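Down below is the structure, laid out as structure tokens.
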Amino acid sequence: MPAVLLALVLAAPQSFARADDWITAGVDCSIFAVGDVDGDGLADIVTLNGARQICYAPSVHGWKAAAWEVVRENVAEGVVGLEVREVEADCVGAEIVVRFSDRAVLLSKRAPVQFTQEQAFSGQAAEPPEPTAAGEPPPYEPDAASLVRRRGDIDGDGRADAIVVFAATTPHPHRLVRVAIAAHAGDDRDGDGLTDAAERERGSDPLDRDTDDDGLLDGWEVHGLPRGVAGGDGALSPTRRDIVLVVSRYEQIDEAAARRAVEKIKQVYAAMPTPNPDGSHGISVHVRFTPPVPTAAQGAWWDVGNRMLHSNERGLVHWMQITPGGGGQAQQTGDLGSAGAHWAAFAHEVGHQLSLSHVGDSAPAWCPLYPSLMNYAFNYQLGGDAEAIRFSDGRFRGVELRESALDERLPFAYPELKYLAAPPFRFTLLADGAQSTRIDWNHNGHFDEQPVEADINYGGSTYCGVRRNVEICAAAPALFVLAGITHLVTVDPRCAAVSVRACLGDGQWAPVRAIPSSATRHDPVAVASGEQAYVFFRTQRGWNAARVTKDAIDAPVELPVLGTRDVAAVACGARILLITRADDDALAARFFDWAGQEKLSAPQALAETSRVPPGLAIEPATQRLVMATSGRKPNGHDWCLRVTWLAVSGDELRAEESAWTRGEQHVNHCTTRPVVAFRGDELNLFHTGWFDGNGLTTAWRTRRVGNRALDDGWLTCLLYDEWTCTRVGVAFADGPQGPIYSYRWDSGDHGDMKVNMVQTAHHGWGIDAGPMRDFDDCRQITQWGIRHSILSMRRDG
């Protein structure tokens with residue numbers, strides 16, 4: 001366009017269509033320009049990112065932006081501005097002027113996305129066009145501050161459109177570029193392909209290209225998607241939000257089952273309580289099935305999706321594959337994903353595409369007051385009803401839950417909260433007036449008037465804190481607290497030595513101190529008593545004991561009388577009690593005294609047996625010995641966790657009571673050495689579950705609670721997740737440096753998490769420091785996710 005005409009256009013008063021989100025950029029982008037970079041007659045967005053790259057987002061027919069492309073690497077520091085300038089008619093594209101504080105540099109462009117030379121540019125670059133007031137902030141964050149305002153002809157109609165960059169923080173920190181198209185002359189002022197008369201007839205807005213904010217222009221929803229892309233079943237509407245979902249089922253999936261799942265998710269999305277411009281609520285999902293995916297073409301969902309979905313369809317539709325098995329995965333705020341034929345898993349994965357996470361905007365996961373199908377605690381049922389799952393509308397968002405101080409009275413009516421009495425949480429509730437409900441957060445059997453501390457978000461799993469790698473180890477870790485410092489015991493990868501290291505705090509560990517002559521391939525056992533600790537380890541010759549103090553490690557002594565039996569240890573007064581386990585599961589007790597001549601007392605056979613080396617601890621309130629074992633229940637279930645309380649009198653132990661965890665009827669497996677730990681007077685057991693065919697097992701925590709109606713007074717929860725597996729026992733110790741949980745990661749190599757890597761986490765009781773609350777899924781989907789999941793288009797091809 002001639003410069004004079006452009007100046008007249010920019011100066012003329014104009015009206016603008018309602019602004020739409022155009023493209024997003026990182027928070028490291030603060031310098032933006034607008035101009036026709038690729039010579040197609042449409043203005044593009046240009047920015048400089050923190051990696052010192054000049055990037056541009058091309059305009060695709062003025063409909064949407066394409067994804068960012070890099071046009072220049074390694075731009076020098078000190079850039080203060082960018083400008084896109086036209087070039088001679090025989091040249092392709094434009095020139096980008098990079099302004100520094102003391103000079104300007106001209107980047108000459110002679111072919112699309114290829115800058116060939118750099119030269120000094122004399123004089124100051126022209127100032128950008130006068131900004132316009134058009135371009136309202138994003139609906140999802142109306143308080144977002146505008147950072148940059150520019151003008152440019154995004155849709156190629158000869159009128160300068162308004163481009164505003166906002167410094168947005170919701171749903172995450174980013175730069176949001178919004179474009180308000182200058183109103184066109186004629187009968188389609190917003191240029192969406194639908195005349196003003198037709199818009200008035202259908203109830204859509206003649207000055208809003210996308211009246212219902214679903215990422216599809218109004219004209220597309222009436223006349224059909226561009227580029228010949230086929231829609232799904234049913235008519236699209238410019239006044240009711242629509243999703244076009246392309247579904248590819250694996251050939252081994254029954255077609256009828258796939259269609260039933262799809263019909264169910266249509267109902268879930270249609271039931272969302274979000275208003276549409278036409279007065280209805282919810283989102284219409286329009287499905288198009290592709291031919292089945294043959295076995296030879298099956299594989300990673302991202303590979304299959306990129307093959308099944310043509311590039312011209314990107315930015316218009318979503319894609320999901322249906323595979324055997326359960327669960328699934330999907331891009332978050334994207335258009336590709338995968339799920340099994342279960343409708344709940346399918347709806348959950350589409351929710352990820354529409355920008356939802358598992359936790360809303362809380363840092364801790366599995367919030368009980370986030371009743372969303374995105375929450376692992378409620379993704380297959382809500383209140384025990386598989387048909388009741390839904391997206392959360394954020395109705396409980398006014399209450400913030402902190403596990404360190406929980407109010408056992410909630411300001412909501414009992415019928416709204418009664419879902420919490422069902423699995424997975426099974427809290428005890430009591431109506432407390434019309435708009436108040438009492439809840440027993442800590443399961444102690446009564447409602448406390450003062451705030452309580454409890455791990456309440458165990459519905460999907462319990463998070464013990466950030467996991468930090470220590471080292472590759474050949475055996476299970478052990479933990480003990482000596483002189484106010486927690487120590488970690490490990491066996492090096494070559495089985496050449498047992499080592500001890502002290503916790504320095506904040507997840508850091510001191511250098512190792514190796515125990516001399518301690519080569520072993522077996523799990524070490526550690527126990528502290530007063531100012532010294534003892535590490536027991538088994539060599540080819542039998543068991544040895546090494547005394548550890550704050551400053552020294554004594555040479556090990558042999559304990560040949562123990563033979564090759566398994567050993568467990570606990571400090572019992574001034575002595576160390578050892579309980580051995582033979583191959584026939586028989587248990588025997590001995591006392592160990594480092595200072596004594598014989599060091600080991602005569603064995604006492606115990607009536608109890610165990611499949612695994614027992615876990616031992618002294619109960620603070622009674623000073624009784626608590627022993628956790630594994631055995632067969634009367635109902636035939638084997639490898640189940642049992643607790644026995646024993647009185648200690650001299651060298652004799654006497655069993656006083658015993659109980660199967662979770663009662664006689666429920667199964668609670670224990671397949672490696674358990675750990676017994678007390679939090680005050682509360683009994684906790686850390687143990688592993690059933691082994692799979694590869695010898696992998698998940699880890700669990702079982703807690704004794706005052707509510708005896710809850711599995712006979714026991715609450716069991718998974719630690720971390722189903723993918724966190726080990727082949728050996730876990731460790732736990734609670735000292736002045738906090739509760740530390742340790743285990744060996746054996747699930748496979750994933751980044752820096754390698755097989756046999758011992759990891760430690762420093763919030764072992766699962767008490768999260770951050771708050772958690774409800775989240776409005778529906779608002780995020782309709783005001784952000786539905787259009788940002790298909791925000792950018794591909795170029796023609």
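The values are calculated or read from the model by the stated rules, or taken from the named source; none is laboratory data. Given the structure is predicted, the values throughout are model-derived calculations rather than measurements. For neighbour counting, all protein chains shown are included, and Cβ atoms are generated from backbone atoms with ideal geometry for every residue, glycine included. Ligands, DNA and RNA are excluded from the accessible area calculation, which covers all protein heavy atoms including side chains. Shrake-Rupley method; radii C 1.70, N 1.55, O 1.52, S 1.80 Å.
Please determine whether any residue of the stretch 613-632 is more than 21 Å from L479 (Cα to Cα), within 40 Å of the chain's Cα centre (by Cα) and not in a strand (DSSP E or B).
Yes; the residues of the stretch 613-632 include at least one that is more than 21 Å from L479 (Cα to Cα), within 40 Å of the chain's Cα centre (by Cα) and not in a strand (DSSP E or B).
Which count do you get for residues in the stretch 518-531 that are at pLDDT 95 or above and over 15 Å from V567 (Cα atoms)?
3
If we keep just the residues of the stretch 725-740 that are out of contact with any Ser or Thr (no Cβ under 6 Å at 6 or more places or on another chain) and open to solvent by 30 Å² or more (accessible area, probe 1.4 Å), which is farthest from D768 (Cα to Cα)?
Only one residue tops the list, namely R727.
How many residues, within the stretch 459-476, are assigned to a loop (DSSP other than H, G, I, E, B), open to solvent by 10 Å² or more (accessible area, probe 1.4 Å) and of a type outside the set (G, A, S)?
Residues in the stretch 459-476 being assigned to a loop (DSSP other than H, G, I, E, B), open to solvent by 10 Å² or more (accessible area, probe 1.4 Å) and of a type outside the set (G, A, S): 3 in total.
If you check S392 against the conditions, is it in contact with an Asp or Glu (Cβ under 9 Å, 6 or more places away or on another chain) and at pLDDT 95 or above?
When the stated conditions are applied, S392 passes them.
Look through R703, R654 and report the one residue that is open to solvent by 30 Å² or more (accessible area, probe 1.4 Å), at pLDDT 95 or above, out of contact with any helix residue (DSSP H, G or I) (no Cβ under 7 Å at 6 or more places or on another chain) and in a strand (DSSP E or B).
R654
Looking at the stretch 577-587, is at least one residue farther than 24 Å from R727 by Cα and assigned to a loop (DSSP other than H, G, I, E, B)?
Within the stretch 577-587, none of the residues are farther than 24 Å from R727 by Cα and assigned to a loop (DSSP other than H, G, I, E, B).
Within the stretch 590-637, how many residues are within 13 Å of F678 (Cα to Cα) and among the polar types (S, T, N, Q)?
Of the residues in that region, 2 qualify.
Looking only at the stretch 663-685, count how many residues are among the basic types (K, R) and open to solvent by less than 50 Å² (accessible area, probe 1.4 Å).
Total meeting the criteria: 0.
Considering only the stretch 713-797, give the strands (runs of 3 or more DSSP E) lying wholly within it that have at least 2 residues that are of a type in the set (V, I, T).
So the answer is 757-761.
Looking only at the stretch 657-669, which residues are at pLDDT 95 or above and either part of a strand (DSSP E or B) or among the small types (G, A, S) (or both)?
E657, S658, A659, W660, H669
Residue check, A271 against (1) within 28 Å of A386 (Cβ to Cβ); (2) of a type in the set (A, V, I, L, M, F, W, C); (3) in contact (Cβ under 8 Å) with a residue 40 or more places away in the chain; (4) open to solvent by less than 40 Å² (accessible area, probe 1.4 Å), all met but one. Which one?
Answer for A271: the failing condition is (4).
Exactly one of (1) loosely packed, with under 13 Cβ neighbours inside 10 Å; (2) within 25 Å of V730 (Cβ to Cβ); (3) at pLDDT below 95 is unmet by T539. Its number?
The single condition T539 does not satisfy is (1).
Which of the residues spanning the stretch 548-587 are of a type in the set (S, T, Y) and without any contact (Cβ under 8 Å) to a residue 24 or more places away in the chain?
T580
Working only within the stretch 633-651, note down all residues that are touching a strand residue (DSSP E or B) at 6+ places or on another chain (Cβ under 9 Å) and part of a strand (DSSP E or B).
C640, L641, R642, V643, T644, W645, L646, A647, V648, listed by residue number.
Could you tell me which of the residues A483, A510 is under 29 Å from A571 (Cα atoms) and under 32 Å from the mean Cα position of the chain (by Cα)?
The match here is A510.
Tally time: how many residues in the stretch 393-437 are over 20 Å from S461 (Cα atoms), in a loop (DSSP other than H, G, I, E, B) and open to solvent by less than 50 Å² (accessible area, probe 1.4 Å)?
Number of matching residues: 7.
Would you point out the residue of the stretch 339-372, among those that are more than 17 Å from the chain's Cα centre (by Cα) and open to solvent by 10 Å² or more (accessible area, probe 1.4 Å), that is farthest from R426 (Cα to Cα)?
Here the answer is A341.
I'd like the full set of residues that are buried (at least 17 other Cβ atoms within 10 Å of the Cβ) and β-branched (V, I, T), limited to the stretch 139-169.
Passing the criteria: V148, I154, I163, V164, V165.
Being more than 22 Å from M793 (Cα to Cα), surrounded by 14 or more Cβ atoms within 10 Å (Cβ to Cβ), among the aliphatic types (A, V, I, L, M) and within 26 Å of the chain's Cα centre (by Cα) narrows it down to one residue among A261, A257; which is it?
A261
Look at the stretch 559-583 and say how many of its residues are surrounded by fewer than 16 Cβ atoms within 10 Å (Cβ to Cβ) and closer than 21 Å to T539 by Cα.
So the count comes out to 6.
Residues of the stretch 438-451 being charged (D, E, K, R) and either in a loop (DSSP other than H, G, I, E, B) or surrounded by fewer than 14 Cβ atoms within 10 Å (Cβ to Cβ) (or both), which ones?
The answer is D440, D448, E449.
With respect to G383, determine if the residue is surrounded by 15 or more Cβ atoms within 10 Å (Cβ to Cβ), in contact with a helix residue (DSSP H, G or I) (Cβ under 7 Å, 6 or more places away or on another chain) and among the small types (G, A, S).
So G383 fits the description; yes.
What residue, of P524, P511, is within 28 Å of H762 (Cα to Cα) and open to solvent by 20 Å² or more (accessible area, probe 1.4 Å)?
Every option except P511 fails the conditions.
Taking the conditions exactly as written (open to solvent by 20 Å² or more (accessible area, probe 1.4 Å) and either modelled with pLDDT of 95 or more or among the charged types (D, E, K, R) (or both)), does T716 satisfy them or not?
It is true that T716 is open to solvent by 20 Å² or more (accessible area, probe 1.4 Å) and either modelled with pLDDT of 95 or more or among the charged types (D, E, K, R) (or both).
Just one of the numbered conditions (1) surrounded by fewer than 21 Cβ atoms within 10 Å (Cβ to Cβ); (2) at pLDDT 95 or above; (3) over 30 Å from R773 (Cα atoms) is not true of H281; which one?
Here H281 meets the rest and fails (3).
Looking for whichever is touching a residue at least 60 places away in the same chain (Cβ under 8 Å) and on the phi > 0 side of the Ramachandran plot here; the options are G507, G530. Which one fits?
None of the other options fit; the residue is G507.
May I ask you to say which residue of T486, T564 is out of contact with any Gly (no Cβ under 6 Å at 6 or more places or on another chain) and among the hydroxyl-bearing types (S, T, Y)?
On inspection, the qualifying residue turns out to be T564.
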